[in-house]
Amino acid sequence: MANSNRPTTEIANVYRGTFIHSTQQTALQVLEDALLGVDIKGKIAFIGKGTELDTLSQTFGFSSSEVTQLAQHEFFIPGMVDTHIHAPQYSFAGTALDMPLLQWLSTYTFPVESRFQDLEFANRVYTQVVKRTLRNGTTTACYFATIHTDASLLLAQIANDFGQRSLVGKVCMDRNDSVKHYKETIQESKEETCRFIAELLNKKYPLVKPVVTPRFALSCTGALLGQLGAIAKNNNLHIQSHISENIEEVKIVKELFPESDSYTDVYHKYNLLTDKTVMAHGCHLSDEELALFKETGASLSHCPNSNISLCSGVLNVRNVLKHKVKLGLGTDVAGGYSASMLDAVRRALDSSKVLAIQNQEHETLTFEEVFRLATLGGSQALSLDDQTGNFEVGKDFDALRVNVTAPGGPIDLIQSEGPKTLLEKFLNLGDDRNILEVFVAGRKVVPFTEPTPE
Ligand code: GUN
Ligand code: FE
């Protein structure tokens, strides 16, 4: 090939078949018989039509024999983004769902989290949660760990080993009246957060980043919140926490921070609301608070399973979208009992229908909209949409290869269906048996390659 025609990107893989994703303009774009090329850095080099094979293969310098053809009933969707999950709580996922938030925290959660200074236990649980979520199609996860720095670093290492894109947060809390040994002094919290950030950044993991993680206003003093806001600002880091999940919590935050106008104002005052902030829940936020989210660029993580399981509230997603606040979905394991984002999709649809039952004027979410929340919306909520979320050229190839009729799987097809219906069936009825392969930044991370990383 003449020098001037030499492709600037080297292609590693090319796939041909149906691709379904969301864009800013449309919740669901179906590209049938498409051709997508991934370069050696794992980025999407091109996406075109199958009929353009000859021109594309010449332009990008691959041979048509290298193209992987999807089978009938298979399609690619973008990897799903879990914007809020507690990795240590995976150890009791599916149990302990009989109490409201604050009692649930002191009875079940804090005692379990306090065990994570034991690195052997942490290694077991963290390996399981990373594998389980990857297998279920979570290519990006925003994790809370515990207050223990070394165990939190271990979670980051495990995510890196298995190739999951993630934000990992060492939890900060200098206030805990219920389980008194599970907290830090403000000095410890600040120093250990700085050590966590420095050590994690020093590892130079390509897909794993630290996130500043005050647990929530109720378990932090104002002084600590202020320190964490400053650390995030000075290092240009992501921030995550919880907000306005449960009525009792909102009431106590008002009592603890009487000088603030609202729960949102508490975080705002301490510089914790930025365009790299994601706050879980927000079930009870006022319109004024949502306006402050919009103004600061902070986002919300909608965790419907948790909101129902802990009887916390029902987020009005329509109203959040009306305020143009960035929004993703989260599993919130173990307040949410399922680690699968497919469950988050279903519970988000159910919750929107509950609102419609209560108010006939309420416009329910469509499966297309919720699919967007689980993929592109989540990437926007985590400010990672320049890297992941859909199949735009230049983004990393984070993708799920789905087969709706996978042998032994949960879905029966009675008649031949179009791709949109196949996606709807997968979202409502599918599980990990339908997810044949998972890719993160072009690398196939599921099925797991043996030997399994330590
Ligand atoms: N608020 C503060 N901590 C937690 C937690 O671990 N889970 C949930 N759902 N809410 C919280
Ligand atoms: Fe949570």
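The values are calculated or read from the model by the stated rules, or taken from the named source; none is laboratory data. These numbers come from a predicted model, not from an experiment. Cβ: placed from backbone, ideal geometry, glycine included. Neighbour counts: every protein chain shown.
Tabulated values for the structure
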quantity	calculated
Residue within region 275-286 that is within 16 Å of ligand 1 (Cβ to nearest atom), of a type in the set (D, E, K, R), in contact with a Ser or Thr (Cβ under 9 Å, 6 or more places away or on another chain) and in contact (Cβ under 8 Å) with a residue 60 or more places away in the chain present	no
Single residue of region 109-145 satisfying the filter (within 16 Å of ligand 2 (Cβ to nearest atom) and either among the small types (Gly, Ala, Ser) or without any contact (Cβ under 8 Å) to a residue 24 or more places away in the chain (or both)) that is nearest to residue 397 (Cα to Cα)	141
Criterion (more than 16 Å from ligand 1 (Cβ to nearest atom), surrounded by fewer than 19 Cβ atoms within 10 Å (Cβ to Cβ) and of a type outside the set (A, V, I, L, M, F, W, C)) met by exactly one of 261, 177	261
Where a residue in region 70-98 is within 16 Å of ligand 2 (Cβ to nearest atom) and of a type in the set (D, E, K, R) and its partner, wherever it lies, is part of a strand (DSSP E or B) and modelled with pLDDT of 95 or more, with Cβ under 8 Å and at least six apart	82/138; 82/140; 82/141; 82/142; 82/329
Meets criteria (under 22 Å from residue 387 (Cα atoms), in contact (Cβ under 8 Å) with a residue 24 or more places away in the chain and in a helix (DSSP H, G or I)) for residue 102	no
Considering residues of region 192-202 that are surrounded by 14 or more Cβ atoms within 10 Å (Cβ to Cβ) and of a type outside the set (A, V, I, L, M) only, the residue nearest to residue 171 (Cα to Cα)	193
Some residue of region 205-221 being without any contact (Cβ under 8 Å) to a residue 40 or more places away in the chain and more than 16 Å from ligand 2 (Cβ to nearest atom)	no
Unique match (being within 27 Å of residue 442 (Cβ to Cβ), crowded, with 16+ Cβ neighbours inside 10 Å and either over 17 Å from the mean Cα position of the chain (by Cα) or hydroxyl-bearing (Ser, Thr, Tyr) (or both)) among 126, 108	126
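Per-residue answers, yes or no, for (1) aliphatic (A, V, I, L, M); (2) touching a residue at least 60 places away in the same chain (Cβ under 8 Å):
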| site | (1), (2) |
| --- | --- |
| 304 | no, no |
| 312 | no, yes |
| 319 | no, no |
| 327 | yes, no |
| 338 | no, yes |
| 344 | yes, yes |
| 348 | yes, no |
